[in-house]
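Enquirer: For reference, the structure I am asking about is given below.
Every read-out reported here was derived from the displayed coordinates using simple, explicitly stated rules and does not represent laboratory data. If you're wondering where the values come from, they're calculated on a predicted model, not measured in any experiment. Virtual Cβ from ideal backbone geometry, glycine too; neighbours counted across all protein chains shown.
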Amino acid sequence: MIKIESKTGRTIELAVESLTHANLSNLDLHRAVFTNEVMSNSTFINADLRGALFDGAIINKCNFEQAKMMNALMLGADLRDSNLRSSSLVGATLDGANLRGADLTGADVAYASFNGTDARGAILLCERMSEADMAGLIYDKETVFPDGLILKK
């Protein structure tokens, strides 16, 4: 059993031995604190992660498909090779995060911040991408963007 604190004042008890390879799908993890946690290969499909704190977390190779991650803080988080397809990242902060090889197809990124985020090799076929802050986004020829998108440098 692992206990996770939440900024809502409640403690979330998870029936898992470790946060790596954990199945946290469909759970209410609203404002949960995962700062600097190692959670590689975990599954968060359709989880409520609104306002969750993932600053400095190792969450690579995780499945966040359809997760509600509005206003989540992921400063410097390692999301390499993660699946964020159809997730809601509205207002999320991913500044300095590592999104190398991540798939954000269909993710809603309106008002999200990607300042200094490493998105080399990522699939960024996101919804409302023109409303996100992409200043300093690091990308390469392998990064996939929507047709016609022009990033401001």
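Enquirer: Report the net charge of residues surrounding Ser86, where surrounding means a beta-carbon distance below 11 angstrom and charges are Lys +1, Arg +1, Asp -1, Glu -1.
Expert: Details: positive: Lys68, Arg85; negative: Glu65, Asp103, Asp108, Glu127.
Net local charge, Ser86 excluded: -2.
Enquirer: Still on this structure, please answer the following. Ranked highest first by the average count of other Cβ atoms within 10 Å around their residues, in what order do 134-147, 71-84 fall?
Expert: Values: 134-147: 14.6, 71-84: 23.6.
Output ranking for 134-147, 71-84: 71-84, 134-147.
Enquirer: Roughly how far apart, in whole Å, are the Cα centres of segment 74-153 and segment 25-70?
Expert: 16
Enquirer: Let me ask something else. Just the projected area, averaged over all directions, of the convex hull on the alpha carbon atoms of the chain: how many nm²? Spell out each step's value before the answer.
Expert: Numbers: hull surface 29.6 nm².
Computed as one quarter of the Cα hull surface, the answer is 7.4 nm².
Enquirer: Using a cut-off of 11 Å between beta-carbons, work out the net charge of the residues near Asp48 (Lys and Arg +1, Asp and Glu -1, Asp48 not included).
Expert: Details: positive: Arg31, Arg50, Lys68; negative: Asp28.
Counting the neighbours of Asp48, the net charge comes to +2.
Enquirer: Quick one: if you stick a label point 7 Å off each Cα along the C-beta vector at Val16 and Arg120, how many nm between them?
Expert: In this crude spin-label approximation the distance works out to 2.9 nm.
Enquirer: Just for the chain, what percent of DSSP beta bridges are antiparallel, to the closest 5?
Expert: Details: 5 of 26 bridges.
The antiparallel proportion sits near 20 percent.
Enquirer: In whole percent, what relative contact order does the chain give with Cα contacts below 8 Å and a gap of six or more residues?
Expert: Numbers: 515 pairs, mean separation 19.8, N = 153.
Computed over the chain, the figure is 13 percent.
Enquirer: Once the other residues with Cβ under 10 Å from the Cβ of Ala57 are scored (Lys, Arg +1; Asp, Glu -1), what is the net sum? Present the calculation step by step, with values, prior to reporting the outcome.
Expert: Details: positive: none; negative: Glu37, Asp55, Asp78.
Value of the local net charge: -3.
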